[in-house]
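Working notes for the structure below.
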Amino acid sequence: MAKNNNDWKNRLNVVYSTNPDFSYDTEDVEEAETLPPEKQLLRIQLDKRNRNGKSVTLITGFTGKEEDLKNLGKILKTKCGVGGSSKDGEILIQGDFRSKVLEILKKEGYNQTRII
């Protein structure tokens, strides 16, 4: 039995084509290469919006692969002793740990970090 490559998810936004040579675009998104720590421009800020009055330390500006972002987030959460999340180029640390996060990032080699 031959496997037919007719998966509807691969051809979103295309209903029908009369072109016999037409191929569906799958739009594979490539992740950017992770910049070395000394070239990363990270910004640390306190955020309270849409969090029911609870504050979180927000680290933005990370450029690189999602795996490297999660590893950095894990290091920060472990050294601060709190929870958080890492996704979409942002790291959330529960609580106000701006100065501690800045110290940790400097020790990890992220020299161009600043608190906003």
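Quick notes on this one:
- Shown in residue order for region 58-64 are the 3J(HN,Hα) couplings computed by the Karplus curve 6.51 cos²θ - 1.76 cosθ + 1.60 at θ = phi - 60°: 10, 10, 10, x, 6, 10, x Hz (x for Gly and Pro).
- Note on D88: accessible area is roughly 130 Å² with a 1.4 Å probe, heavy atoms of protein only.
- Set of region 93-116 residues, backbone N closer than 17 Å to the point 7 Å along the Cα-Cβ line of S55: 93-103, 115-116
- The order of R114, R51 by accessible area, most exposed first and with a 1.4 Å probe, is R114, R51.
- Probe 1.4 Å, all protein chains present, accessible-area order of R49, R98, largest first: R49, R98
The values are calculated or read from the model by the stated rules, or taken from the named source; none is laboratory data. Everything numeric in this text was worked out from a predicted model, so none of it was measured. Using ideal geometry, Cβ is built from the backbone for each residue, glycine included, and neighbour counts are taken over all protein chains shown. Accessible surface is based on the protein model in full, side chains and every heavy atom, while ligands, DNA and RNA are left aside. Shrake-Rupley method; radii C 1.70, N 1.55, O 1.52, S 1.80 Å.
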